[in-house]
Amino acid sequence: METSESNSPIIPNSGNSIALSTPVWPTIDGPLGLTEDESLSYARKFYHFGFALLPLLWAVNCFYFWPVLRHSRAFPRLRRYVVASAVGFSVFAVLLSSWALTFAIGGEHLLGSVWDKLVMYNLADRLGLTGWS
């Protein structure tokens with residue numbers, strides 16, 4: 001029995017283990033990227049600055065730390081900020097899309113007389129900034 005075991009090739013992590021699905025690096029650029037401690041600092045900054053009317057940073061956070069977002073058990077300290085950024089950007093995208101579609105599809109038919117006060121293309125006329133009025 002011992003001879004047959006010693007002749008068989010040893011394949012590390014050949015079973016169904018979490019080691020195969022856990023990324024080694026928290027960023028998408030692998031070994032060229034940041035360490036886990038630096039990544040935590042950047043993820044936290046991107047998350048907090050996303051609340052300062054810069055929700056695009058939430059999308060950058062999700063993209064740059066994609067391995068953290070994809071693997072649920074990897075980098076638990078980072079995952080909190082990356083998942084929160086994904087939720088924040090999703091909410092922002094839904095709100096922005098619904099606002100844009102309301103104005104694009106509904107327009108004057110949906111908003112009635114308030115439409116003239118909300119649209120920006122006649123703002124210069126209302127403020128007297130055009131030279132032809």
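We did not get these values from a lab; they are worked out from the coordinates using the rules stated. Treat the numbers as computed from the prediction; the structure is a model and nothing was measured. Cβ atoms come from the backbone with ideal geometry, glycine included; neighbour counts cover every protein chain shown.
Odds and ends about this structure:
- Annotation for segment 37-123: trypsin sites (Lys or Arg not before Pro) lying in DSSP loop with at most 10 further Cβ atoms inside 10 Å of their Cβ are R73.
- Here segment 50-133 is treated as a sphere whose radius is the Kirkwood value from Cα pairs; by Stokes-Einstein at 20 °C and 1.002 mPa s it diffuses with a coefficient of 134 µm²/s.
- In order along segment 60-72, the phi-based Karplus estimate (6.51 cos²θ - 1.76 cosθ + 1.60, θ = phi - 60°) of 3J(HN,Hα) comes to 4, 4, 5, 5, 5, 9, 4, x, 6, 5, 6, 9, 6 Hz; Gly and Pro are listed as x.
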